[in-house]
Amino acid sequence: MLGIVRPCRHHLSPALHRRWAAHLCGTCLALRDDHGQVARTATNVDALLVSVLTIAQAPDPVISADRRAGPCPARGLRTATVVSGDGARLAAHAALLLAAGHLADHADDRQGAFRHAPLAAAGRHVAARWSERARASAPRGFDPSALLAVPERQRAVEADGGATLEEVTAPTADAVSAAFAHTAVLAGRPDNAPPLAAAGAAFGRLAHLLDALDDLADDRRHDRWNPVDATGAGVEATTALARHQVATLAATLARVALPDPAGLDARLAHRLLVHETARALTRTHARTEQPPTAQPPQPGDPGRVRPPRGFFAGCAAAAGLCCTGQLCCADPITGPWSGQPRSNPCASCCDCSSYSCDCCSCEGGCCNSCGCDC
């Protein structure tokens with residue numbers, strides 16, 4: 001599951017967490033309904049922000065319609081009330097295009113399981129199919145050109161040796177900006193489009209920067225392109241730019257006119273875009289390493305990099321991570337296919353030692369402990 005905003009029950013009140021899950025399930029089911037069962041693997045916890053923003057702005061019950069969903073293994077085979085409507089469809093559309101870009105990128109870089117040529121070819125085929133299906137089924141009034149152009153624009157900017165961090169992250173920023181701004185169109189609130197476009201650009205740039213910081217150590221080990229090093233910015237400047245995006249999100253979201261600022265979806269939007277993005281930055285900064293470039297290890301060296309696992313051995317290792325609970329508790333974990341240590345974003349989800357977990361958890365509004373106005 002892709003995305004940086006991954007709140008757990010310790011960070012959201014029960015009502016907000018149920019609503020978050022309703023948006024997540026709604027995005028997943030919209031992917032199934034519009035693009036088939038396999039497309040549900042593209043479910044993106046960041047894309048559901050589009051659904052949250054649409055409903056937070058819209059008093060129209062047609063736009064914010066909920067529906068009852070049948071049993072699902074991800075919910076322990078329980079039924080649930082999930083979000084549907086234009087916002088969920090736009091979230092599914094964005095998730096599919098973003099996943100297609102990620103899939104094509106990993107296949108081109110031959111990362112993980114895609115280092116095998118047949119799997120890389122299959123990944124590129126699925127990515128192309130998803131892009132075409134998304135192009136043909138764009139939600140009403142939405143121009144998907146910004147999202148469709150991300151892979152090509154990204155390759156072009158990476159080929160430019162003198163690109164800055166702002167230029168490298170511009171394709172993602174523009175794509176998310178377009179999706180956020182269109183939520184104002186769906187909700188019938190065109191005056192909200194400019195601040196939402198600014199918020200989307202900040203969120204897209206933040207997601208790109210955090211992904212680069214998370215991948216930095218692994219990219220250095222495998223001599224892959226990473227904007228932190230390729231632009232010469234370094235970890236400190238990259239983190240500073242990410243911190244600026246978090247501040248921009250808080251400032252621009254405050255300018256978005258909502259019919260019910262104390263409503264569940266409005267409070268959820270604030271928690272996800274302001275508090276959870278700050279928490280994502282803190283997590284990434286805490287686990288980002290900036291080691292000096294190491295010399296290639298020699299045979300017999302105890303620090304020698306382990307060879308990657310084959311496809312089936314990697315599948316067995318992945319099953320072992322799940323069955324033994326390491327996927328939830330261990331940090332770092334050993335990558336099932338790469339065989340190398342990697343940070344585990346799930347492990348810190350329920351760690352309340354460094355966060356104020358009761359901040360903004362009151363059902364009726366905001367606790368005074370955090371001093372915000374969500």
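Tabulated results
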read-out	value
Spans of helices (runs of 4 or more DSSP H) in segment 95-173 with at least 1 residues of a type in the set (Gly, Ala, Ser) and modelled with pLDDT under 85	117-136
When residues of segment 23-44 are limited to those that are more than 10 Å from Leu96 (Cα to Cα) and over 17 Å from the mean Cα position of the chain (by Cα), the one surrounded by the most Cβ atoms within 10 Å (Cβ to Cβ)	Ala30
Candidates Leu216, Leu209 - the one that is in contact with a Leu (Cβ under 7 Å, 6 or more places away or on another chain) and closer than 17 Å to Glu158 by Cβ	Leu209
Residue ID - nearest to Leu272 (Cα to Cα), chosen from residues in segment 55-79 that are at pLDDT 85 or above and part of a helix (DSSP H, G or I)	Ala56
Residue match in segment 99-113 (condition: closer than 16 Å to Thr43 by Cα, touching a helix residue (DSSP H, G or I) at 6+ places or on another chain (Cβ under 6 Å) and either in contact (Cβ under 8 Å) with a residue 60 or more places away in the chain or not hydrophobic (A, V, I, L, M, F, W, C) (or both))	yes
Only listed residue being in a strand (DSSP E or B), of a type in the set (Val, Ile, Thr) and modelled with pLDDT of 90 or more, chosen from Val82, Val52	Val82
Every residue from segment 1-15 that is of a type in the set (A, V, I, L, M) and either within 18 Å of Ala100 (Cα to Cα) or touching a Ser or Thr at 6+ places or on another chain (Cβ under 8 Å) (or both)	Met1, Leu2, Ile4, Val5, Leu12
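The rows are residues; the columns are (1) assigned to a helix (DSSP H, G or I); (2) within 18 Å of the chain's Cα centre (by Cα); (3) touching a residue at least 60 places away in the same chain (Cβ under 8 Å).
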| position | (1), (2), (3) |
| --- | --- |
| Ala242 | yes, yes, no |
| Leu249 | yes, yes, no |
| Thr252 | yes, no, no |
| Ala257 | no, no, yes |
| Asp260 | no, no, yes |
| Arg267 | yes, no, yes |
| His270 | yes, yes, yes |
| Glu276 | yes, yes, yes |
| Ala280 | yes, yes, yes |
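The values are calculated or read from the model by the stated rules, or taken from the named source; none is laboratory data. Given the structure is predicted, the values throughout are model-derived calculations rather than measurements. All Cβ positions, glycine included, derive from the backbone under ideal geometry; neighbour counts span all protein chains shown.
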